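Enquirer: Could you have a look at this structure, given as structure tokens, before my questions?
Nothing in this text is a laboratory measurement; each read-out follows from the coordinates by a stated rule. Because the structure is predicted, anything quoted here is derived from the model rather than measured. When we count neighbours, we look across all protein chains shown, and the Cβ atoms used for this are built from the backbone with ideal geometry, even at glycine.
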Amino acid sequence: MQKNLVILRAGDASLHRVWLAQSNREFDIFVSYYGNTAGAMQDGADYYEVRKGPKWSCIAELLLERQELLDKYSAFWFPDDDLLATTETLNRMFGFFHTFGLSLAQPALTNDSYHYWPITLQDSRYLIRFTQFVEVMAPIFDRTALKACAQTFGESRSGWGLDFVWPKLCGRGRHDSIGIIDATPVKHTRPLGGELYKNNAELTPHDDAEKMLKKYGVERIRKTATKYSFGGVKSMENLVRNKLIFRLGL
């Protein structure tokens, strides 16, 4: 068993088979399938279920039903199913996450990705940028952060607003515990929100966002959190390169 778990809400066009293509993966994967073909996307999965509904409320239900997973693993990634990445990229992503002791993070997006927040695009000057924002598209939590934030997953059916709330709940009072991992970018291959809103027409994302921001008192950071980073680790820093060269293959 690996110490890293990927929990994926997968539809019929999921790209996750590419993530599993190499045999040396350093993560397990739980495929939570929302499509219409019995048994689809089960190959290669360490855990599998069928569950209809939007991403975050379904993950909330899954975690309540499978609470033993929180004790088995130390890092949890919740990606959208339209991200393109290799096994090696994801192995290195988890490696950076653990090495820098992050509580909440995400891989950067390649600069040719469909995106909404420019801060999530790769900045090639850095290995990691420390931020107060991680997007709902692909967050990674450590166990403590996940336990602190899991209660919110079912509070926004669209997912809107969650990414502003999480840093408040799991920042540990450190500026360097939350970040965007530029060293391991993934490509977001499809326009934003397509499958989510197509399959769940009842969603009211703007209402969800306003409710979450008000409940957790984070209205004021809305504009600044997505614009600014708090420095980071640059790839030319010899000390960091020497520390990571063996573990991360730099």
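Enquirer: List the GluC sites (Glu not before Pro) in the range 1-83 that DSSP assigns to loop (not H, G, I, E or B) and whose Cβ has at most 10 other Cβ atoms within 10 Å. Which are they?
Expert: Listed in order of number, the matching sites are 68.
Enquirer: Taking each pair of distinct Cα atoms in the range 53-122 once, what is the resulting Kirkwood hydrodynamic radius in Å?
Expert: Computed over Cα pairs of the range 53-122, the Kirkwood hydrodynamic radius comes out at 14.2 Å.
Enquirer: Further question on the same structure: Quote to one decimal, in nm, the extra length available between residue 147 and residue 88 on full extension: 0.36 nm per residue of separation minus the C-alpha distance between them.
Expert: 18.5 nm
Enquirer: How high is the FRET efficiency from residue 206 to residue 23, r the C-beta distance, R0 35 Å, rounded to 0.05?
Expert: With R0 = 35 Å, the Cβ-Cβ based efficiency is 0.20.
Enquirer: Hey, what do the phi angles of the range 38-49 turn into as Karplus ³J(HN,Hα) couplings, whole Hz, using 6.51/-1.76/1.60 and θ = phi - 60°, x for Gly and Pro?
Expert: Each residue of the range 38-49 in turn: 4, x, 5, 6, 7, 5, x, 7, 7, 9, 8, 8 Hz.
Enquirer: Along the Cα→Cβ direction, 7 angstrom out, place labels at residue 192 and residue 215. What is the inter-label distance in nm?
Expert: 2.2 nm
Enquirer: With each pseudo-label sitting 7 Å past Cα toward Cβ, what's the residue 46-residue 12 distance in nm, one decimal?
Expert: 2.9 nm
Enquirer: Something else now. Bins of 10 Å, beginning at zero and ending with the bin holding the largest distance: percent of Cα pairs per bin for the range 97-179, please.
Expert: Binned Cα distances yield the sequence 18, 52, 28, 3.
Enquirer: What is the antiparallel percent of DSSP beta bridges lying wholly in the range 4-248, to the nearest 5?
Expert: Roughly 40 percent of the DSSP beta bridges within the range 4-248 come out antiparallel.
Enquirer: Could you calculate the contour length gain from residue 124 to residue 61, that is, 0.36 nm times the residue separation minus the distance between their Cα atoms, to one decimal place in nm?
Expert: Taking 0.36 nm per residue and subtracting the Cα distance, the gain is 18.9 nm.
Enquirer: Of 3/168; 187/214; 52/168; 214/234; 72/211, which sit over 28 Å apart, Cα to Cα?
Expert: The answer is 187/214; 52/168; 214/234; 72/211.
Enquirer: Contact order normalised by length for the range 4-248, with contacts defined as Cα pairs under 8 Å and 6 or more residues apart; what percent is it?
Expert: Relative CO of the range 4-248 lands at 24 percent.
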